[in-house]
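The values are calculated or read from the model by the stated rules, or taken from the named source; none is laboratory data. Just so it is clear, the structure is predicted and the values come from calculations on it, not from any experiment. Cβ placement follows ideal geometry from the backbone for every residue including glycine, while neighbour counts extend to all protein chains displayed. With ligands, DNA and RNA removed, areas are computed over all heavy atoms of the protein, side chains included. Shrake-Rupley method; radii C 1.70, N 1.55, O 1.52, S 1.80 Å.
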Amino acid sequence: VAAPVTLRQSEQIRLNGRLVWDEARTVRVFSPLGGRVVRLLAEPGARVKAGDPLAVLSSPDFGQAQAEFARARADNALAEKALGRARELHDRGIIATKDLQQAEADAARAAAERERTRARARLFGEGTGVDQQFVLRAPIPGVVVERNANPGQELRADQAQPGTAAPFVISDPTRLWVHLDVPETHLAGIQAGMAFAVRVTSMPEAEFRGRIEHVGDFLDPATRTARVRGSLANDDRRLKAEMFVAADLEVPRPEYARLPAAAVLLIGDTRYVFVDLGGGRFERRRIDGEESGFGTLRAWKGVAAGERVVVEGPLLLQQILNTTVK
């Protein structure tokens, strides 16, 4: 059985990958202050707006910031009163100018300290009085896709480290990134903007379309693969972060013939095919090519468009040729 040779200028490849949150729409919320969780205000799956409360912490660090602001506010009020008295006494000639200038400097320092402590307290929410109740809030709108905080849990400001689970993760699950591992041999044909189709084992009948956004600039030295990032819509939220996927891409190639692997004989390090010349005549040809996956081989030398290669029985023809040569 022989099959015609057709030339192609593109090739479909399949890549393994993993779905992750779209980092452009994701934030991992860590507490900027140490404290103990006393109340949780956002459940997993809850939709939040920027500024919505997520949890309440009993935080001595926040209490200290509140106390510093209260003290600075009281000191500033006292300094302003002292300055008022100094001006009145100076106008009456009771105190010297240098004493008035000292009172003005003290009032300016007190005002500066009040503004500094107010800015620090407002950075964390300020609150009323000194209650040590720090409210952890959502910095962006989205969905609480992860919650790793529990009542009574101690949180620290230094927990924001790589590999440490954030108390809250907020993202937009209707848009996901896919990380694809691309072998070095396929990199030349892949570039940003290319479309791809994604399939997952749990939904074999469904196909999800995405687009490549970034091609990595380095290879993993252990696997010799590059990381390629794409994005895809997930409006119905059927896809989940951390799913493993298979992505099919159509990539451009220099013109080549795609041959079934069954048509190719490997003798030593050399590949051959049998070309059907018609009338029961066959010619063995050496080809230059490489495996291209899916049970096929990519050949760029040795066969021409329109020729027919034997896809069933090439081994038998080789045995006949060996017998004839002997």
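Relative contact order of the range 202-249: 32 percent, from C-alpha pairs under 8 Å at least 6 residues apart in sequence.
Taken about its Cα centre, the chain carries a charge dipole of roughly 140 debye when the Cβ of each Lys and Arg holds +1 and the Cβ of each Asp and Glu holds -1. A Gaussian network model of the chain, with springs between Cα atoms under 10 Å, assigns the largest mean-square fluctuation among THR225, THR174, THR97 to THR97. Enumerate the amide H contacts of ARG253 below 5 Å, restricted to partners 5 or more residues apart or on another chain; note that Pro and chain-start residues carry no placed amide H. The answer is SER10, GLU11.
The chymotrypsin sites (Phe, Trp or Tyr not before Pro) of the range 244-326 that DSSP puts in a loop, and whose beta carbon has at most 14 other beta carbons within 10 Å, are PHE294. Per residue, the accessible area of the range 167-326 comes to 55 Å², computed with a 1.4 Å probe over protein heavy atoms only.
Please report the carbon-and-sulfur percent of the accessible area for the chain; probe 1.4 Å, protein heavy atoms only, DNA, RNA and ligands left out. Percent of accessible area from carbon and sulfur atoms in the chain: 51. Taking θ as phi - 60° and the Karplus parameters 6.51, -1.76 and 1.60, the scalar couplings of the range 201-206 work out to 5, 6, 9, x, 7, 9 Hz in sequence order, x denoting glycine and proline. In angstrom, the C-alpha Rg and Dmax of the range 55-209 are 28.7, 94. Sorting SER231, SER202, SER58 by solvent-accessible area of protein heavy atoms yields SER202, SER58, SER231, largest first, with a 1.4 Å probe.
Building the convex hull from the alpha-carbon atoms of the range 111-150 and averaging its projection over directions returns 4.3 nm². Residues whose amide H lies under 5 Å from that of GLY34, counting only those 5 or more places away or on a different chain, are ASP61, ALA157; hydrogens are built 1.01 Å from N in the peptide plane.
When the Gaussian network model of the chain links Cα atoms closer than 10 Å, the mean-square fluctuations of ALA160, ALA247, ALA206 top out at ALA206. Computed over the chain with a Gaussian network model linking Cα atoms closer than 10 Å, the most mobile of ARG281, ARG147, ARG18 is ARG281.
Across bins of 10 angstrom width beginning at 0, how are the C-alpha pair distances of the range 26-119 distributed, in whole percent? Once binned at 10 Å, the Cα pair distances of the range 26-119 give 14, 26, 21, 16, 12, 8, 2, 0.
Rounded to whole numbers, the Karplus 3J(HN,Hα) couplings from phi for the range 229-246 are 10, x, 9, 8, 6, 9, 4, 8, 6, 6, 7, 10, 4, 6, 5, 8, 9, 10 Hz, using 6.51 cos²θ - 1.76 cosθ + 1.60 with θ = phi - 60°, and x at Gly and Pro. Picking from THR117, ALA74, THR97, whose Cα lies most toward the positive end of the charge dipole for the range 73-125 (charges on Cβ: Lys, Arg +1; Asp, Glu -1)? Selected residue: THR117. Annotation for the range 44-73: trypsin sites (Lys or Arg not before Pro) lying in DSSP loop with at most 11 further Cβ atoms inside 10 Å of their Cβ are LYS49. In this Cβ point-charge picture (+1 for Lys and Arg, -1 for Asp and Glu), the range 181-326 has a dipole of about 400 debye about its Cα centre.
For the range 196-281, the relative contact order is 25 percent, taking Cα pairs closer than 8 Å that sit 6 or more residues apart in sequence and dividing their mean separation by the residue count. Measuring nothing but how far apart in sequence close Cα pairs (under 8 Å, 6+ apart) lie, relative to its length, the chain scores a relative contact order of 27 percent.
The candidate values are [x] 1.56; [y] 1.35; [z] 0.97; the one derived from this structure for Rg/Rh (Cα atoms, Kirkwood Rh) carries the label [y].
Shape of the range 170-306 from the C-alpha gyration tensor: prolate (a/c of 1.5 or more and a/b above b/c, with a ≥ b ≥ c the square roots of its eigenvalues). Per-residue 3J(HN,Hα) values for the range 269-286, derived from phi via the Karplus relation 6.51 cos²θ - 1.76 cosθ + 1.60 with θ = phi - 60°, read 9, 10, 9, 9, 9, 9, 9, 7, 8, x, x, x, 9, 10, 10, 7, 10, 7 Hz in sequence order (x marks Gly and Pro).
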